Amino acid sequence: MSEGPGSTSEAEEGLELARWGTRFTSADTEGRYRAWHVEQAVPFNRVGLFLSAALWLGVIAVWVSLGVFLSWVPVIALVVLPVIAWASFTTYRRSLLRWSLPSAMVANSVAGVVCVGLVTSPRAPIEAALGIVLIVNYFGFAILRARPAQAALAVAPYVGLTSLVTVRWMQAGIIDDTNFVIDTNVLANGFVSGLLISVVIDVVSRRSYRQERIIEFQKQTIARERARSEALLKNELGHQVAERSRELGDALARVAAPVSLPLPAPGDRFHTRYRVVRALGQGGMGAVFEVERITDAQHLALKLVTGQVSGAAAARFAREAEIGARVRHANLISIVDVGIAEGGAPFLVMELVRGGSLEERRARFGEIAWGLPIVKQIALGLSALHEAGVIHRDLKPANVLLDGGEASPVAKISDFGVSRFGQLDDVVQTDPDGPTLEASTPRRQDLTGTGVLLGTPLYMAPEALRGGRSLDAAADVFAFGLVAYEVLTGRAPFETPAVLVARAGRALPTPAPIEDASVGVVAREAIVACLSEEPGRRPGARRVCEALGAG
């Protein structure tokens, strides 16, 4: 039976150990392990080097107080301690970290050779000679976490030198043959046992690294599968909400009746699934509230329609709910629920955006560093709408909400109430002069507005004079060009709105070019091209994204 994605065999790929577990078979894995091992060895090396420096300073203090080995004090002070200090320094500088283990081993080798020199002094007791060298031996193999080969290269010089010294002692009659054999055997056993300790530590370290990578791989796999499952669930929920929105629109379009419903107060339960947190705004057609979903404590925005529900208003409301539920993108407002409350009031629930609208940030228009990322995000959201077959037909700063804080705001296109999507326009004719309930964000002004010619004159394309059904994706691109031009320059591209110029029978003037060099030439040309009088000369939303470098 084949193993699926995220299986143990897949997680272990490239992590096979060879040579008794002392090396990874993959060269890439071996390289990554060595870099990881250096990081892991840092705390051990710091402690070991500090301990070594403290011991040497203590020895110097004792010698000076006793007046012994004074000739060795300069050697330790000018050679051993500086080498230890350098090795310690490399553990604190990332640019030098790769030298930390070799430096620690050099420090150990230098210290060991000095120890051998000390034990050859006539004043040094022979019994202490091997003990001191063995301590340094185990220090190099076990305390300083070098790889076995590095540790062996560092320890071998002073262990070998000690062996030569024992030969000299035997020849000088300081020790007999029996003690020579014992001392040599002790040195050999000390070196071999220290090396074995280092090998065991290395094998355990490699297995620990291997296990960490397997666990990390499995976590990533679980996260991917979870994200995939959540995406599928959101798509399915979006489809269900969209279908409910269509059904709700059909039902409300046939029943034009007043709705009597007291507005909920903070703390009230709404439709069993939500708790009202606070009111965000209220207009002639209804109100917007911040609510908390009881199942997961997520904060959302509730649009609640009250008053006379006409067929046109019902279609507009259902259209907004269906588009927001069906078309999901990071730069579009998402609808998560729709229904009819007790008393017959239609409602929809959408993501909550706390940063206000782009219209409310007009004081920052002209700040390229702030505005250019927002313009790119609006282009991405508009492109997602067009690729889903949706024409917004009322793109303007008031319908672009900002989330994520002042430093890095996230733009989200909202208010799809007059948008065209699939066959919705064939259900009922939208009333262009009817009130609209604005987007899901805290606002200071009333949440009402009046459409003119199915949109807002300042952001209409010239062809809007021919009626709402003549507005296509090119009209949205024109509106985007107007918004982008204003955000980047701080001024409108035309003194008179384009639709009014067209009504007067005049040709639309060419807007002044965007001169700021921080906006690329291709991007500047694309934005000006969006403002062409002829729809066929305007680029598509996807081409605008590419020109802006968005995505």
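For the criterion of being open to solvent by less than 20 Å² (accessible area, probe 1.4 Å), within 23 Å of R32 (Cα to Cα), assigned to a helix (DSSP H, G or I) and free of Cβ contacts under 8 Å to residues at least 24 places away in the same chain, S95 fails.
D403 meets each of the listed conditions (1) out of contact with any Leu (no Cβ under 6 Å at 6 or more places or on another chain); (2) modelled with pLDDT of 95 or more apart from (2). Taking the listed residues P157, P122, the one that is modelled with pLDDT under 90, more than 24 Å from R206 (Cα to Cα) and open to solvent by 10 Å² or more (accessible area, probe 1.4 Å) is P122, with no other qualifying. Output yes when any residue across the range 45-58 is at pLDDT 90 or above, over 30 Å from S205 (Cα atoms) and out of contact with any helix residue (DSSP H, G or I) (no Cβ under 9 Å at 6 or more places or on another chain), and no when none is. So far as the range 45-58 goes, yes, one or more of its residues are at pLDDT 90 or above, over 30 Å from S205 (Cα atoms) and out of contact with any helix residue (DSSP H, G or I) (no Cβ under 9 Å at 6 or more places or on another chain). Could you list, in sequence order, all residues of the range 253-311 that are closer than 20 Å to S357 by Cα, among the basic types (K, R) and either open to solvent by less than 20 Å² (accessible area, probe 1.4 Å) or at pLDDT below 90 (or both)? Result: K303, single match.
Are any of the residues in the range 22-30 surrounded by fewer than 18 Cβ atoms within 10 Å (Cβ to Cβ), modelled with pLDDT under 90, at positive phi and in a loop (DSSP other than H, G, I, E, B)? No, that holds for no residue. Residues of the range 183-193 that are more than 55 Å from the chain's Cα centre (by Cα) and either exposed (fewer than 14 other Cβ atoms within 10 Å of the Cβ) or on the phi > 0 side of the Ramachandran plot (or both): N185 alone.
Sub-8 Å Cβ pairs linking a first residue in the range 154-175 that is closer than 24 Å to F141 by Cβ to a second residue that is modelled with pLDDT under 85, at least 6 apart or interchain, are T162/V119; T162/A129; T162/L130; V165/V119; V165/T120; V165/A129; T166/I175, ordered by first then second residue.
The values are calculated or read from the model by the stated rules, or taken from the named source; none is laboratory data. Worth saying up front: this structure is predicted, and the values here are computed from it rather than measured. So basically every Cβ, Gly included, is an ideal-geometry build from the backbone, and we count neighbours across all protein chains shown. Each accessible area value is taken on the protein alone, full model and side chains, heavy atoms only, with ligands, DNA and RNA left out. Shrake-Rupley method; radii C 1.70, N 1.55, O 1.52, S 1.80 Å.
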